[in-house]
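Let me begin by presenting the structure, written as C-alpha coordinates, before commenting on it.
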Amino acid sequence: MINVVSDNATVVDPEGSQLATIEDAGREAVQDSRALISQAVLSGKDISARKICDEQGTLL
(Lines give C-alpha, C1' and ligand atoms only; values in the text may rest on other atoms or scores of the structure.)
Protein backbone atom coordinates (compact mmCIF):
# COMPACT_ATOMS: atom_id res chain seq x y z
CA MET A 1 0.00 0.00 0.00
CA ILE A 2 1.28 3.44 -0.93
CA ASN A 3 -0.43 6.57 0.41
CA VAL A 4 -0.20 10.11 -1.00
CA VAL A 5 0.81 12.82 1.49
CA SER A 6 0.19 16.55 0.96
CA ASP A 7 0.54 19.51 3.30
CA ASN A 8 -3.14 19.23 4.22
CA ALA A 9 -3.90 15.51 4.35
CA THR A 10 -2.92 11.92 3.65
CA VAL A 11 -4.89 10.04 1.00
CA VAL A 12 -4.91 6.38 2.00
CA ASP A 13 -4.89 3.66 -0.66
CA PRO A 14 -7.69 1.39 0.61
CA GLU A 15 -6.84 -1.51 -1.69
CA GLY A 16 -3.08 -1.81 -1.88
CA SER A 17 -1.28 -4.52 -3.83
CA GLN A 18 0.77 -7.57 -2.96
CA LEU A 19 3.81 -7.70 -5.24
CA ALA A 20 6.52 -10.33 -5.41
CA THR A 21 9.59 -8.09 -5.17
CA ILE A 22 10.61 -4.57 -4.19
CA GLU A 23 11.50 -4.02 -7.86
CA ASP A 24 7.93 -4.89 -8.85
CA ALA A 25 6.68 -2.47 -6.21
CA GLY A 26 8.95 0.26 -7.57
CA ARG A 27 7.69 -0.25 -11.11
CA GLU A 28 4.08 -0.18 -9.91
CA ALA A 29 4.73 3.02 -7.92
CA VAL A 30 6.28 4.73 -10.95
CA GLN A 31 3.37 3.70 -13.18
CA ASP A 32 0.79 4.88 -10.65
CA SER A 33 2.68 8.14 -10.08
CA ARG A 34 2.75 8.85 -13.81
CA ALA A 35 -1.02 8.34 -13.97
CA LEU A 36 -1.60 10.71 -11.03
CA ILE A 37 0.69 13.35 -12.54
CA SER A 38 -1.01 13.06 -15.93
CA GLN A 39 -4.45 13.51 -14.36
CA ALA A 40 -3.21 16.54 -12.39
CA VAL A 41 -1.68 18.19 -15.47
CA LEU A 42 -4.87 17.66 -17.48
CA SER A 43 -6.95 19.28 -14.74
CA GLY A 44 -4.49 22.14 -14.12
CA LYS A 45 -3.47 21.09 -10.60
CA ASP A 46 0.00 21.47 -9.11
CA ILE A 47 0.82 18.32 -7.12
CA SER A 48 4.59 18.82 -7.04
CA ALA A 49 4.67 19.09 -3.23
CA ARG A 50 2.99 15.71 -2.68
CA LYS A 51 4.95 12.73 -1.39
CA ILE A 52 4.25 9.04 -0.98
CA CYS A 53 4.52 6.91 2.15
CA ASP A 54 4.01 3.28 3.06
CA GLU A 55 1.31 1.98 5.42
CA GLN A 56 3.49 2.73 8.46
CA GLY A 57 3.78 6.38 7.37
CA THR A 58 7.42 6.14 6.29
CA LEU A 59 8.10 8.57 3.44
CA LEU A 60 9.36 6.83 0.31
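The values are calculated or read from the model by the stated rules, or taken from the named source; none is laboratory data. Every value quoted in this text rests on a predicted model; they were computed, and no experiment measured them. Only protein heavy atoms, including side chains, enter the accessible area calculation; ligands, DNA and RNA are left aside. Shrake-Rupley method; radii C 1.70, N 1.55, O 1.52, S 1.80 Å.
Hey, any idea what % of the chain's accessible area is carbon plus sulfur with a 1.4 Å probe?
That fraction is 53 percent.
With every protein chain kept in place and ligands, DNA and RNA left out, what is the accessible area per residue of the chain? Probe 1.4 Å, answer in Å².
Counting only protein heavy atoms, the per-residue value for the chain is 82 Å².
I need to check one value: relative contact order of the chain, counting alpha carbon pairs closer than 8 Å and at least 6 residues apart, in percent.
Once normalised by length, the contact order is 45 percent.
So how much slack lies between Cys53 and Asp24, counting 0.36 nm per residue of separation and subtracting their Cα-Cα distance, in nm?
Residue separation times 0.36 nm, minus the Cα-Cα distance, leaves 8.8 nm.
Kindly express, to the nearest 10 degrees and within the range 0 to 90, the angle between helix 22-42's C-alpha long axis and the longest C-alpha principal axis of the chain.
Approximately 10 degrees, to the nearest ten.
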